[in-house]
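Asker: Structure below; questions to follow.
Taken together, the values in this text are just the output of simple stated rules run on the coordinates, not laboratory data. This is a predicted model, so every value here is computed, not measured. Using ideal geometry, Cβ is built from the backbone for each residue, glycine included, and neighbour counts are taken over all protein chains shown.
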Amino acid sequence: HKCFISWSGEALTLPAGLSSTNCTYYPKPPNISGHQLFVLKPDNEQWDSIKYLNKHVWNKSNDSYIEALGLFIYWGHSTKFGSPLEHHPKNETIPPGWWDDRKWMGGYWHPWDEISYDYAGRAIKTRIHTYNGYNADYPNLQVPKIRPSGTSLVISLL
């Protein structure tokens, strides 16, 4: 995977033309002031998951998507307790004793908060599509402020 994020002082800068990169998932999100920043250029399987889950999320908003770049950008911490999220791919082996009828489509989860998020950063409401069966109503993952700056995008951290 190509790393396409550079860190300088108070903002992250994404170079222009990212839609031509071959990066599909940033494997080690940067940790900024104690928070992870997820930058995702979805592959076909992740896109299929996002589309399928449209009717299974609490809020269908895709505010985290930057169409010109084909990227989702959101903070990688839960909207319940702020715990750092973990990536769990589609069809990952489910822990023993959890729901047997689960149909996990891939996304993010943390054991302390138990909220499941899809690849668009949306909280999942349909129990069988959550990672562990917990489906309380929570907001989508927070999106940083993003603005163009010349040939780059600047992601504000404040």
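Asker: Counting Lys and Arg as +1 and Asp and Glu as -1, what is the net charge of the other residues whose Cβ lies under 14 Å from the Cβ of residue 108?
Answerer: -2
Asker: When the chain is fully extended, how far beyond the present Cα-Cα distance does residue 55 get from residue 86, taking 0.36 nm per residue of separation?
Answerer: Full extension from residue 55 to residue 86 adds 8.9 nm.
Asker: Here's something else I'd like to know. Just subtract the alpha-carbon distance of residue 127 and residue 102 from 0.36 nm times their residue separation and send over the number in nm, one decimal.
Answerer: 8.2 nm
Asker: Next up: Counting only other residues whose beta carbon sits under 13 Å from that of residue 60, what net charge do I get with K and R as +1, D and E as -1?
Answerer: The answer is +2.
Asker: Give me 39, 143 sorted ascending by neighbouring Cβ count inside 10 Å, so fewest comes first.
Answerer: By the 10 Å Cβ count, ascending, the order reads 143, 39.
Asker: Can you give the log10 of the normalised intensity I(q)/I(0) at q = 0.15, 0.17, 0.18 Å⁻¹, computed with Debye over equal Cα scatterers of segment 34-82?
Answerer: Summing over Cα pairs of segment 34-82 leads to -0.47, -0.60, -0.67.
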